[in-house]
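Enquirer: Let me begin by handing over the structure; questions about it come next.
The values are calculated or read from the model by the stated rules, or taken from the named source; none is laboratory data. These figures come from a predicted structure and were not determined experimentally. Here the Cβ positions follow ideal geometry from the backbone for every residue, glycine too, while neighbour counts run over all protein chains shown. Note: accessible area is taken over every heavy atom of the protein model, side chains too, but ligands, DNA and RNA are not part of it. Shrake-Rupley method; radii C 1.70, N 1.55, O 1.52, S 1.80 Å.
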Amino acid sequence: MLMKKIETNNLMDGILNRIINLSKNTVEHDAFDKMAFDKMFEKCEQMQNIYNIASGEPFPIEVGKHAFQIVKSKEDYHYPFIKELQQDIFYSFFKYNPKFLDDEKIQPEFRVHKEMIRKAQKNENWRKMRNMTKLDEVNSAIATTYFSAELLKEMAKRDKKFRQQMFKLKEQRQQLIDLMKDFANAKKEKERKQLAEQMEKLMQDIQQQAEQAMKNISQITVSQAIKNATKKMAEYHETTNALMWGSEASQMQRVNPDERIALANYLLTNEKLFKLVRELGKLKNVFVETKRREIKHGTSEVYSVDIGRDLGKILPCEVLKMKHPVLKKDFYKRFLEGSLLEYSLRSKEKLGKGNIIVCLDCSGSMNLKLYDEITREIYAKALALAILEMAVRENRKYHLILFEANVRKEFSFARNKKPKVDDIVNIASMHFGGGTNFEAPLERALSYVNENADIVFITDGECRVGENFLIKFNAVKKKLNFKVVALQVGDASTEPLEEFSDNVINFTKFIETSKSVFSSLMKGGGVT
């Protein structure tokens with residue numbers, strides 16, 4: 001009897017050892033890594049949403065469509081071990097040199113996560129993703145969100161058998177727990193032995209089921225998931241860079257992690273804001289390109305001869321010396337000294353450095369589509385913020401006037417004030433939906449203009465201003481020498497805009513139109 005009891009206890013100890021001492025995670029990690037994951041999971045709303053989707057928990061309908069595009073029933077995205085999967089993905093992105101645990105140290109049903117990550121590592125996009133996430137807890141959390149979401153989507157498409165096996169493993173795991181409870185409560189040795197033998201048999205079944213599951217997770221599923229996730233992660237990375245202002249280098253990683261994860265929550269749960277900031281990034285690139293072109297091809301005139309070493313400006317007589325064996329040495333000497341004869345150029349254009357005032361139409365029709373999936377409103381606001389970038393770089397005051405039938409909201413930025421994320425969020429969220437009145441915002445703009453100021457008027461509407469107001473407006477324009485650039489983003493006539501504008505631009509294509517606006521502003525203030 002004693003021997004049977006010892007045998008039963010030994011059998012049970014072996015089962016407990018395989019359950020308790022084996023890990024649910026497949027990637028080596030320490031307390032710091034676990035703390036980093038827990039912190040990010042607590043703060044990253046979209047990581048929680050993915051967990052809720054996979055677990056079958058209620059989740060908000062507005063969960064970032066641009067990031068996850070849940071198109072089937074929620075049940076198609078259920079996955080029984082989502083938390084452990086997210087942890088392994090996070091550790092593999094976050095750690096400097098991630099390593100897997102040996103299979104003997106991992107509970108059988110979780111070894112499939114090791115296989116998933118190994119398959120992902122075979123794809124070239126894994127390296128690209130790691131370049132953005134290594135030792136960066138915030139980027140690792142965002143990448144985990146994207147990759148786990150894409151895995152759920154791709155598994156729903158082609159790996160139904162695999163998912164069924166994983167749910168079977170979850171059922172078997174629960175059965176094992178129930179048997180352990182029964183064993184603890186059993187008083188008869190015969191019953192305890194039977195329960196122990198059942199647990200041993202169930203452990204073997206779990207092992208076989210896990211091995212089959214690992215064979216059924218397809219390479220194409222994981223490869224497509226990491227490809228899609230990397231593309232979205234790169235887009236997110238570029239988008240956040242758009243929120244850096246002026247000539248400063250993009251150093252988003254140096255921003256406080258709490259602020260960065262708050263920004264991620266803004267962007268990943270607000271599709272409209274994400275699109276606006278993404279377009280802002282594109283517009284900033286167009287602005288830089290346009291500025292470079294305007295500087296390179298700007299209109300200049302020769303007004304004197306000076307000395308220097310700019311080979312693009314040296315006089316022809318200096319160039320001729322290069323053909324003489326003696327004078328060539330003199331040329332080199334004076335080049336090093338910076339004493340070659342060269343032209344002095346000056347710009348014929350008068351650069352306006354007054355305030356920049358943007359009047360932006362926020363009426364109901366601005367919500368109509370303009371191009372791709374971008375509405376008139378999103379493009380207009382992104383353009384207004386890109387013009388703010390110009391103001392920051394040129395150390396100019398900036399005023400944004402949002403209007404429809406009346407002026408509804410204003411934002412002002414002093415010369416030394418750069419916008420914060422909250423400013424961008426507030427601007428993005430403003431939409432009023434009323435009619436259109438041009439006179440009210442122009443009247444307000446006059447209170448901000450100074451000499452050589454620029455007014456940018458963006459609308460999709462058509463509304464004439466009063467004759468008396470037009471006389472007053474043009475008189476102030478002549479006195480202060482400011483300029484008005486108008487952009488029509490709709491199908492309405494530009495005739496009313498032409499009454500008070502120096503340059504009226506119709507939206508045609510994204511790049512061409514944006515370049516036209518920036519170029520008009522760079523040519524400076526003054527009535528043309």
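Enquirer: Report whether or not F473 is open to solvent by less than 30 Å² (accessible area, probe 1.4 Å), more than 30 Å from L273 (Cβ to Cβ), aromatic (F, W, Y) and out of contact with any Phe, Trp or Tyr (no Cβ under 9 Å at 6 or more places or on another chain). Walk me through how you get there before you give the answer.
Expert: Values: open to solvent by less than 30 Å² (accessible area, probe 1.4 Å): yes; more than 30 Å from L273 (Cβ to Cβ): yes; aromatic (F, W, Y): yes; out of contact with any Phe, Trp or Tyr (no Cβ under 9 Å at 6 or more places or on another chain): no.
For F473, the condition - open to solvent by less than 30 Å² (accessible area, probe 1.4 Å), more than 30 Å from L273 (Cβ to Cβ), aromatic (F, W, Y) and out of contact with any Phe, Trp or Tyr (no Cβ under 9 Å at 6 or more places or on another chain) - is not met.
Enquirer: Condition test on K417, is it outside any loop (DSSP other than H, G, I, E, B) and of a type in the set (K, R)? Working first, answer last.
Expert: Values: outside any loop (DSSP other than H, G, I, E, B): no; of a type in the set (K, R): yes.
In short, no.
Enquirer: So which residues in segment 416-430 are among the charged types (D, E, K, R) and either under 20 Å from T375 (Cα atoms) or in contact with a helix residue (DSSP H, G or I) (Cβ under 8 Å, 6 or more places away or on another chain) (or both), if there are any at all?
Expert: Within segment 416-430, the first condition is being among the charged types (D, E, K, R), and the residues that meet it are 417-418, 420, 422-423.
Scanning segment 416-430 gives a single hit, K418.
Enquirer: Moving to a separate point now. What are the residues in segment 376-410 that are in contact with a Lys or Arg (Cβ under 9 Å, 6 or more places away or on another chain), β-branched (V, I, T) and in a helix (DSSP H, G or I), if any?
Expert: I378, V392 - these are the residues of segment 376-410 that are in contact with a Lys or Arg (Cβ under 9 Å, 6 or more places away or on another chain), β-branched (V, I, T) and in a helix (DSSP H, G or I).
Enquirer: Also, quick follow-up: Taking Q208, is it surrounded by fewer than 16 Cβ atoms within 10 Å (Cβ to Cβ), touching a residue at least 12 places away in the same chain (Cβ under 8 Å) and either in a helix (DSSP H, G or I) or not basic (K, R) (or both)? Before the answer, list the steps.
Expert: Numbers: surrounded by fewer than 16 Cβ atoms within 10 Å (Cβ to Cβ): yes; touching a residue at least 12 places away in the same chain (Cβ under 8 Å): no; either in a helix (DSSP H, G or I) or not basic (K, R) (or both): yes.
Spelling it out, it is not the case that Q208 is surrounded by fewer than 16 Cβ atoms within 10 Å (Cβ to Cβ), touching a residue at least 12 places away in the same chain (Cβ under 8 Å) and either in a helix (DSSP H, G or I) or not basic (K, R) (or both).
Enquirer: Let me ask you something else. Does at least one position in segment 409-420 carry a residue that is of a type in the set (S, T, N, Q), surrounded by fewer than 22 Cβ atoms within 10 Å (Cβ to Cβ) and in contact with a His (Cβ under 6 Å, 6 or more places away or on another chain)?
Expert: Residues of segment 409-420 of a type in the set (S, T, N, Q): 412, 416.
Now restrict to residues that are surrounded by fewer than 22 Cβ atoms within 10 Å (Cβ to Cβ): 412, 416.
Okay, now just the ones that are also in contact with a His (Cβ under 6 Å, 6 or more places away or on another chain), so 412.
Yes, that holds for at least one residue.
Enquirer: Considering segment 171-205 alone, what residues qualify as being open to solvent by less than 60 Å² (accessible area, probe 1.4 Å), in a helix (DSSP H, G or I), more than 17 Å from Q107 (Cβ to Cβ) and free of Cβ contacts under 8 Å to residues at least 40 places away in the same chain? Show your work before the answer.
Expert: Just the residues of segment 171-205 that are open to solvent by less than 60 Å² (accessible area, probe 1.4 Å), to begin with: 172-173, 176, 179-180, 183, 186, 189, 192, 195-196, 199-200, 202-203, 205.
From what is left, the residues that are in a helix (DSSP H, G or I) are 172-173, 176, 179-180, 183, 189, 192, 195-196, 199-200, 202-203, 205.
Subsequent filtering for residues that are more than 17 Å from Q107 (Cβ to Cβ) retains 183, 189, 192, 195-196.
Answer for segment 171-205, where residues must be open to solvent by less than 60 Å² (accessible area, probe 1.4 Å), in a helix (DSSP H, G or I), more than 17 Å from Q107 (Cβ to Cβ) and free of Cβ contacts under 8 Å to residues at least 40 places away in the same chain: just L195.
Enquirer: While we're here: Tell me the helices (runs of 4 or more DSSP H) entirely within segment 438-528 that contain at least 1 residues that are on the phi > 0 side of the Ramachandran plot, among the polar types (S, T, N, Q) and in contact (Cβ under 8 Å) with a residue 40 or more places away in the chain.
Expert: Working: elements: 439-446, 467-480, 495-498, 510-522.
No helices (runs of 4 or more DSSP H) qualify here.
Enquirer: Within segment 427-434, identify whether any single residue is on the phi > 0 side of the Ramachandran plot, within 33 Å of the chain's Cα centre (by Cα) and touching a residue at least 40 places away in the same chain (Cβ under 8 Å), and answer yes or no.
Expert: Going through segment 427-434, the residues on the phi > 0 side of the Ramachandran plot turn out to be 433.
Filter once more, so that each one left must be within 33 Å of the chain's Cα centre (by Cα): 433.
If we keep only those that are touching a residue at least 40 places away in the same chain (Cβ under 8 Å) as well, we get 433.
Within segment 427-434 (the criterion being on the phi > 0 side of the Ramachandran plot, within 33 Å of the chain's Cα centre (by Cα) and touching a residue at least 40 places away in the same chain (Cβ under 8 Å)), the answer is yes, since at least one residue qualifies.
Enquirer: Here's something else I'd like to know. Give the number of residues within segment 211-234 that are open to solvent by less than 40 Å² (accessible area, probe 1.4 Å) and either over 21 Å from Y77 (Cβ atoms) or among the hydroxyl-bearing types (S, T, Y) (or both).
Expert: 5
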